[in-house]
Structures are given as C-alpha cells and as structure tokens.
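Asks: I'd like to ask you about the structure that follows.
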Amino acid sequence: MMNYDAAKHVLTEYPQAAELPAAKLFGVGGERDHETIALHTDPDTGLKAIVAIHSRARGPAFGGCRYWHYVSDAAALQDALRLSQGMSLKNALADLPFGGGKSVILRPHTVPQGAPREALFAAFGKFIESLNGAYLTAEDVGTTVTDMAVVRRHTRFVSGLPREGEFGGDPSPKTALGVFSAIEVSARKLLGRASLEGLRVGVQGLGSVGWALSQLLADAGAVLTVADLRAERVAEARERFGATVACVDDILRASVDVIAPCALGGALDAASVDAMAATIVAGAANNQLQHAGIGDRLHARGIYYAPDFLINAGGIVSVAREWLGEGDETNVTREVLRIGDRMAELIERTRANGTTPAFEAESWARAKLVRPQA
C-alpha cells in the first residue's frame, strides 16, 4: 500500500534511491523485501508518515512510532526499513506473538497554520486505523504517552497508555530494566563481577530510557559517565547520580568498562570502535551498528556487543502485554528480566560456537521467525 503522490516525491527527489548502499525502496540491502510499506500524507496537518512492515510470520506487526527531523524522505524510509527489520528480530527473540513493523513521522520544519501537534497525531491515528490491524504502534523516539492518547481516539491499534485498573503506560522504564538486566549478566559472566558496585558505565543519551537506565545503574553502585546534547540534562545527572560528564563526541571512547548507547542508531562505526576503551557494549538504542561489519570489528577488538534487539526488548514486552490485556506489573517485570537469561544464553552460544554476538543473536532470532505454536 503506497500513496502515489508520496511515492512519486521520493523517486523524483532521489531517482537513485533504490541504489543507496544501505537500503532499497522495498527493503534493506542484502535482505528480502519487506511485506508492506505504506506512505501517507495529510496536507492539512503536514503529516508525512511511513509504516514499514517487515514480517508478520509471528502475527501482526508491532513496533513504535518515531517522530524525527530527517534530512530527506529517503533517509526516513531507510530508517523505517531498518527499524522494522530489527523489530522482527526483537519480537521473535522475546517470544512475542507479533511480527516486526515500525512507523516514522517526518517532523515538519514548518507546521501548517492552525495545525498543532495534536492534529498531526490525530491524522496519524486515522492512517494506522486504515491498515486494519496489520500494524500496531506505540511510543518511540520523539513520541509520548500524550501523543499515543491522541492516536487512540482514532484507532484501537495502539498501546503504551495508562489504563484504569489494568497494566499499561510508558514503556521506557521497562526498556531500561531489560538493558540493566543484560548489563548485570554481562558484567558477571564476562568480567567476573559479583555486583555492579564500582563498575564504570558510560551512558550515551539521557532521554527517557537513558535516564531510567542511569538511575538503575546508580542505585546498583555503578560509576557513571554520561553525555547528552542538553546541558541541563547532564547537569542534573551530575547532581543526582554523581556522574562524570563527557562531551557527546567523546563518550564512546571514555575510560569505562561498559558503554551504553541510548541515543539514535548508527553510533558505532569504524572510528568509534577503533577508539573504544570499553569491554562491553550494551545499550538501548536501536540499530547501534552502522553496518553489519561493525559487529565483526567489535569482536576483533575483544569488545563484547550485546545486540540491541535482544536487550532493549523490555519496552515491546510491556506494550505487547498491555495490548493483549495480559499480565500485571509483577508478571511483566518478571518477563522483562528474562532478557538477562537470554543474554546469558547468548554468551554461552557464542562461546560454544565461536561466533560473534551479532551473528549468533541474529541467527537465533531468524530461526524463531515462524508463527508461535498455540
């Protein structure tokens, strides 16, 4: 399903879009095509949105909505394609009855007069409803519980909302908890640490998830180095967590045991990996590797990469159980903490098979991209 005018705009502005090295029009380079890519525009509100459905082998596609400034329509499409593929792997490893999908809204540089943010997300909700349940959405970078509440007025295919007397709400704390659990296990099995007391952790990005992760780490006695573009955010982290502040350009080469990328994707490239002092990479950001070869580069340097689609699944577990009407705070928390168990299994698998964590985790996930047994 593709809006013709939107598709024409992408192809006119980027006639070689299909030849971009990291993405094709219908999927990520080197991978099979996505099942569905839907583009939608609404001139009244300025909405330009993409829904990418990578796989529904396990059930309806489920993944959050990102609201972001993109340098081009082609860049937004590439992001949607990569993120949705990652959601297929994430949902499969988390044993959820959902396939992988993602939506992005291109944040307008100028909003049409009389069209506030609420109208934009109302139009987005109507777009999601038109897909008839093929894709379910929730919060992601740039979107909030308030935005999803607006979306909910126009479609039932949305999650991440507080529900009276039932489990639900902002999934960020659960994402942070899953990453924290993976760091605990990694520190124990790879560094021989009985606890996180004194463990040096660098946190790149202090958004909702990065902040919640920093709180968990500080409470466990970790020594934090943090970086964020917002001066007031890092100042607060210094005061609350006793954190050392690093420049955003320097955090990935900070003298720490663990680096936790919690900002946008693609932070790990050849230059940052070659300068990295950490022994473990374990963060919440999606698509941390600029390309697949970076996983090999980390491995060659003796740096253990905890794949993002394995360890940042706490948020999707939360919104999935909310949408299904299953579980409560205790049971969902218990399910999120199983991410630590899967991290331990990954470490054992890589040791037994002599494979890199990125390769092993992706192979493991792809083997589970089948409809769950009833």
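The values are calculated or read from the model by the stated rules, or taken from the named source; none is laboratory data. What you see is a predicted model, and the numbers here were worked out from it, not measured in a lab. Heads up, the Cβs are rebuilt from the backbone with ideal geometry, glycines too, and the neighbour counts pull from every protein chain shown. With ligands, DNA and RNA removed, areas are computed over all heavy atoms of the protein, side chains included. Shrake-Rupley method; radii C 1.70, N 1.55, O 1.52, S 1.80 Å.
Asks: Karplus couplings for the range 55-62 from phi (6.51 cos²θ - 1.76 cosθ + 1.60, θ = phi - 60°), rounded to Hz, Gly and Pro as x?
Replies: Per-residue couplings from phi come out as 8, 10, 4, 9, x, x, 6, 9 Hz.
Asks: What percentage of the solvent-accessible surface of the chain, computed with a 1.4 Å probe over protein heavy atoms, is contributed by carbon and sulfur atoms?
Replies: Summing carbon and sulfur atoms, their accessible area is 51 percent of the total for the chain.
Asks: Ordered by residue, what ³J(HN,Hα) values in Hz, to whole numbers, does the range 244-253 give under the Karplus form 6.51 cos²θ - 1.76 cosθ + 1.60, where θ = phi - 60° and Gly and Pro are x?
Replies: Each residue of the range 244-253 in turn: 7, 9, 10, 5, 4, 7, 10, 4, 6, 10 Hz.
Asks: So what's the angle, to the nearest 10 degrees on a 0 to 90 scale, between helix 314-324 and the longest Cα principal axis of the chain?
Replies: For 314-324 against the chain, the angle is about 50 degrees.
Asks: Now for a separate question. In straight Cα distance, which lysines are under 21 Å from Lys48, not counting same-chain residues fewer than 8 positions off?
Replies: Reachable lysines: Lys8, Lys24, Lys102, Lys126.
Asks: Give the accessible surface of the chain per residue, rounded to a whole number of Å², with probe radius 1.4 Å and ligands, DNA and RNA excluded.
Replies: 42
Asks: Would you mind checking the tilt of helix 4-13 against the longest principal axis of the Cα atoms of the chain, expressed as 0 to 90 degrees and rounded to 10?
Replies: That helix lies at roughly 60 degrees to the long axis.
Asks: What are the residues whose amide H is under 5 Å from the amide H of Ser159, where those residues sit 5 or more places off or on another chain and H is modelled from the backbone?
Replies: Thr137, Ala138
Asks: Can you list the lysines whose alpha carbon sits under 30 Å from that of Lys189, skipping same-chain ones fewer than 8 residues off?
Replies: Cα-Cα hits under 30 Å: Lys90, Lys174, Lys368.
Asks: Ok, one more. Filter the trypsin sites (Lys or Arg not before Pro) in the range 279-374 to those in DSSP coil with at most 14 other Cβ atoms within 10 Å of their Cβ, and list the result.
Replies: Answer by residue number: Arg301.
Asks: Need one number: % antiparallel among DSSP beta bridges in the chain, to the nearest 5.
Replies: Once the DSSP bridges in the chain are tallied, antiparallel ones form about 35 percent.
Asks: Between Thr355, Thr175, Thr45, find the one with the highest GNM mean-square fluctuation for the chain; connect C-alpha pairs within less than 10 Å.
Replies: Its mean-square fluctuation being the largest, the pick is Thr355.
Asks: On a 0 to 90° scale, report how tilted helix 208-219 is relative to the longest principal axis of the chain, with both axes built from alpha carbons and the result rounded to the nearest 10.
Replies: The helix 208-219 is inclined about 20 degrees to the chain.
Asks: In Å, what Rg and Dmax follow from the Cα atoms of the range 128-174?
Replies: Cα-based Rg and Dmax for the range 128-174 come out at 10.6, 30 Å.
Asks: Given only helices, namely DSSP H runs of n ≥ 4 each adding -39500 (n - 2.57), what is the per-residue ellipticity at 222 nm of the chain, to the nearest 500 deg cm²/dmol?
Replies: Calculated at 222 nm, the ellipticity per residue is -13500 deg cm²/dmol.
Asks: Summing Lys, Arg as +1 and Asp, Glu as -1, what charge do residues with Cβ under 11 Å from the Cβ of Tyr70 carry, Tyr70 excluded?
Replies: +1
Asks: Let me ask something else. State the antiparallel share, in %, of DSSP beta bridges confined to the range 40-109, rounding to the nearest 5.
Replies: 60
Asks: Given Cβ point charges of +1 (Lys, Arg) and -1 (Asp, Glu) and nothing else, what value in debye, to the nearest 20, does the dipole of the range 153-289 about its Cα centre take?
Replies: My answer is approximately 300 debye.
Asks: What number comes out for the charge environment of Asn353, summing +1 per Lys or Arg and -1 per Asp or Glu over other residues with Cβ under 14 Å away?
Replies: -2
Asks: Under the classification rounded if a/c is under 1.5, otherwise prolate if a/b is larger than b/c and oblate if not, where does the range 184-330 fall, given a ≥ b ≥ c as square roots of the Cα gyration tensor eigenvalues?
Replies: Here the range 184-330 falls in the rounded category.
Asks: Hey, can you grab everything whose amide H is under 5 Å from the amide H of Gly266? Only 5+ residues off in sequence or another chain; H modelled, so Pro and N-termini drop out.
Replies: Sorted by chain and number, the residues that satisfy this are Gln288, Leu289.
Asks: Just how large is the dipole of the chain about the Cα centre, in debye to the nearest 20, putting +1 at every Lys and Arg Cβ and -1 at every Asp and Glu Cβ?
Replies: Roughly 560 debye, rounded to the nearest 20.
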